[in-house]
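*Asks:* Below is one structure. I have some questions about it.
The values are calculated or read from the model by the stated rules, or taken from the named source; none is laboratory data. Values in this document were obtained by computation on a predicted structure and should not be read as measured data. So basically every Cβ, Gly included, is an ideal-geometry build from the backbone, and we count neighbours across all protein chains shown. SASA here: full protein model, heavy atoms, side chains in, ligands and nucleic acids out. Shrake-Rupley method; radii C 1.70, N 1.55, O 1.52, S 1.80 Å.
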Amino acid sequence: MKVLVTGGTGYIGSHTTVELLANGHEVIIVDNLDNSSKIVLDRIEKITGKRPDFIEGDVLDTDFIVRVLKDNRVDAVIHFAALKAVGESVADPLRYYQTNVGGTVSVCKAMLATGVNKIIFSSSATVYGDQPIPYTESTPREPQNPYGRTKFVSELVLADVAAANPDFCAVALRYFNPVGAHPSGEIGEDPNGIPNNLMPYISQVAAGQREKLSVYGNDYPTKDGTAIRDYIHVADLAEGHLAALQKIYDPGFHTFNLGAGHGESVLEVIVAFEQATGQTIPYQFADRRAGDLAEYYADAALAESQLGWRVKRTITDASADAWHWQSGNPNGYKNVV
Ligand code: NAD
Ligand code: WQD
């Protein structure tokens, strides 16, 4: 298949592009490089021996996306391009609605205009909010912040477009907590500034770039008092996209949780990272982070039964791969010549 990957130079998009190329698909990446680097293209080529086509541009520019779909005879779209920082979405919700919801609307308009009928969309477990665990796909959606609401509204847009267009097939993949990097160490997560997320923060502590980790909250009602999440290796996530691309053809709107189906506490992640890498992670307990939930993880049974997909990698694998990436690329893609 010929696949348009929006946001394909980003963290999850680059790993999915590797998986697509390795499985014989052709990839055209559209990215405005707002949160990524063109160096990723060299790295993808190094891993796969194939260079994806790349066109710099904005998904909000519908005419541009129409041209890309037409000129390249695209069969399906995987739509990663979005903004993803929860705190930033609270401070600047309009930017998030514009890019995330507006981007989804724009991509769908371009697809309808060109007869491209299949889209796989990056959704998030954050659409569920504070609900009983494990989350199934039918758990009520009550996202707790603007970022989560942009994902929820984007799903509604896709469901409505699918309802109005009998050939349209939309698959929303609700990712839990993506972590790790490609085992080659060539591509990985490259946050700007101080990482918001746990695994990149731990990696930077291990590399000596940050003094110690603050563990946000040790008084949660969990086994060790720290919060529990369902961490999923980004390579497993990439395989989930391939499965959705190859297995789901029925028109309509489909949703799948992509998670491991169990959780690890922050302290368990630290121990796994230390064991996988031989590094010591100094940490201190700090106050809970506003908006954090105590515990959530996926019921991933639907993805297993319908996509034939389940995670293969552990948090220890993800830690080893994150460290391989971090230690080989201490500045991420920055200052690479
Ligand atoms: P990322 O920031 O690394 O990748 C997103 C890419 O989209 C970047 O390369 C960025 O430059 C590009 N982009 C942003 N706005 C654009 C626009 N208007 N036009 C074209 N390109 C644009 O993020 P990621 O972690 O790879 O996330 C990919 C997707 O998965 C996002 O939709 C995100 O919301 C979703 N998601 C991420 C996580 C996570 O924890 N990383 C969890 C759940 C869902
Ligand atoms: C994990 C755990 C923190 C950093 C976020 C988004 C969510 C989704 C995935 C996109 C929590 C703790 C973290 C640190 C810590 N993204 N932590 N010290 O918050 O579960 O999910 O990314 O869709 O929408 O909210 O992930 O990696 O930030 O945190 O103790 O320095 O690690 O409190 O319990 P989170 P995270």
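*Asks:* Filter region 116-148 down to residues that are of a type in the set (A, V, I, L, M, F, W, C) and assigned to a strand (DSSP E or B) and give me whichever is nearest to ligand 2 (Cβ to nearest atom).
*Replies:* Of the residues in region 116-148, the ones of a type in the set (A, V, I, L, M, F, W, C) are 116, 119-121, 125, 127, 133.
The next check asks that each one be assigned to a strand (DSSP E or B); those that pass are 119-121.
On the way: Ile119: 18, Ile120: 15, Phe121: 12 Å.
The residue in question is Phe121.
*Asks:* Among the residues of region 1-39 satisfying the criterion of being more than 6 Å from ligand 1 (Cβ to nearest atom) and among the charged types (D, E, K, R), which is surrounded by the most Cβ atoms within 10 Å (Cβ to Cβ)?
*Replies:* Filtering first and then ranking leaves Glu19.
*Asks:* Given (1) over 21 Å from Lys334 (Cβ atoms); (2) within 17 Å of the chain's Cα centre (by Cα), identify the lone condition not met by Val27.
*Replies:* Checking Val27 against (1) over 21 Å from Lys334 (Cβ atoms); (2) within 17 Å of the chain's Cα centre (by Cα), the one that fails is (2).
*Asks:* Could you please tell me which pairs satisfy a Cβ distance under 6 Å, a separation of 6+ or placement on different chains, a first residue in region 154-177 that is without any contact (Cβ under 8 Å) to a residue 60 or more places away in the chain and surrounded by fewer than 24 Cβ atoms within 10 Å (Cβ to Cβ), and a second residue that is assigned to a helix (DSSP H, G or I) and not β-branched (Val, Ile, Thr)?
*Replies:* Every condition considered, the pairs that remain are Val161/Cys108.
*Asks:* Identify all residues within region 204-235 that are open to solvent by 50 Å² or more (accessible area, probe 1.4 Å) and in contact with a Phe, Trp or Tyr (Cβ under 6 Å, 6 or more places away or on another chain); write none if there are none.
*Replies:* Lys212, Asn218
*Asks:* Would you confirm whether any residue within region 102-111 is closer than 22 Å to Asn196 by Cβ, within 16 Å of ligand 2 (Cβ to nearest atom) and open to solvent by less than 60 Å² (accessible area, probe 1.4 Å)?
*Replies:* yes
*Asks:* While we're looking at this one, here's another question. Anything in region 40-64 that is within 19 Å of the chain's Cα centre (by Cα), open to solvent by less than 20 Å² (accessible area, probe 1.4 Å) and within 12 Å of ligand 1 (Cβ to nearest atom)? List them, or say none.
*Replies:* Matches in region 40-64: Val40, Leu41, Val59.
*Asks:* Quick one: would you say Phe273 is among the aromatic types (Phe, Trp, Tyr) and assigned to a helix (DSSP H, G or I)?
*Replies:* Spelling it out, Phe273 is indeed among the aromatic types (Phe, Trp, Tyr) and assigned to a helix (DSSP H, G or I).
*Asks:* Restricting to region 296-331, what's the tally of residues that are open to solvent by 60 Å² or more (accessible area, probe 1.4 Å) and in contact with a Phe, Trp or Tyr (Cβ under 8 Å, 6 or more places away or on another chain)?
*Replies:* The qualifying residues number 1.
*Asks:* If you don't mind, another one. Pairs please, first residue from region 228-256 and more than 22 Å from Asp321 (Cβ to Cβ), second anywhere and of a type in the set (Asp, Glu), Cβ atoms under 8 Å, 6+ apart in sequence or on different chains.
*Replies:* Pro251/Asp167; Phe253/Glu155; Thr255/Glu137; Thr255/Glu155; Phe256/Glu137
*Asks:* Is region 122-136 home to any residue that is within 16 Å of ligand 1 (Cβ to nearest atom) and more than 18 Å from Gly259 (Cα to Cα)?
*Replies:* Scanning region 122-136, I find no residue that is within 16 Å of ligand 1 (Cβ to nearest atom) and more than 18 Å from Gly259 (Cα to Cα), so the answer is no.
*Asks:* Condition first: of a type in the set (Ser, Thr, Tyr) and more than 10 Å from ligand 2 (Cβ to nearest atom). Now tell me which residues in region 279-304 satisfy that. Let's see the steps before the verdict.
*Replies:* If we filter region 279-304 for residues that are of a type in the set (Ser, Thr, Tyr), which is where we start, we get 280, 283, 296-297.
Of everything in region 279-304, those that are of a type in the set (Ser, Thr, Tyr) and more than 10 Å from ligand 2 (Cβ to nearest atom) turn out to be Thr280, Tyr297.
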